[in-house]
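Student: Attaching a single structure in structure tokens format; questions to follow.
The values are calculated or read from the model by the stated rules, or taken from the named source; none is laboratory data. Note that the structure is predicted; figures quoted are calculated from it, not measured. Don't worry about glycine lacking a Cβ; one is built from the backbone with ideal geometry, like all the others, and counts go over all protein chains shown.
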Amino acid sequence: MGTVVGAWRIKMLIVLFILLTGIYIVNGFFYDTNIDEAGYIINENINISDGNITDIGQNEGQNFITVTTGLGDYLTFGNIQNTYARLILTIFTTVCWLCMGYIIYSFIKEWIPFV
């Protein structure tokens, strides 16, 4: 009962939420860039105004499959080409989300009877 009672849940939720937010913010900064196997950023000269001239952005933006797979690539660190780094980051974030779910579940289980 000593581990169940206490304010450690809210502190742990805050720490895990800030950690996950930080990881995904850093991923968002480097999402449009390509990172090679050695971990270096590949600088590609992309003219942003070219995408605005054609209808490519509008066609891609209206595709549900593209939006879904793009979100999945973002959440699973699709821009990282190194398989092991991507796997480690995905496993780490998955464990953090599962820990947050279990902490919320244990809190609800303690305060709501017969759950």
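Student: Pick from segment 1-21 the residues that are surrounded by fewer than 10 Cβ atoms within 10 Å (Cβ to Cβ) and either at pLDDT 95 or above or among the aliphatic types (A, V, I, L, M) (or both): which of them is nearest to the chain's Cα centre (by Cα)?
Tutor: So, considering only residues that are surrounded by fewer than 10 Cβ atoms within 10 Å (Cβ to Cβ) and either at pLDDT 95 or above or among the aliphatic types (A, V, I, L, M) (or both), the one nearest to the chain's Cα centre (by Cα) is 7.
Student: Then there's this: Considering only segment 56-115, how many residues are farther than 27 Å from residue 15 by Cβ and modelled with pLDDT of 85 or more?
Tutor: The number of residues fulfilling the criteria is 1.
Student: For residue 51, all conditions in the list (1) modelled with pLDDT under 75; (2) in contact with a Ser or Thr (Cβ under 8 Å, 6 or more places away or on another chain); (3) not aliphatic (A, V, I, L, M) hold save one; what is the number of the exception?
Tutor: Every condition holds for residue 51 apart from (2).
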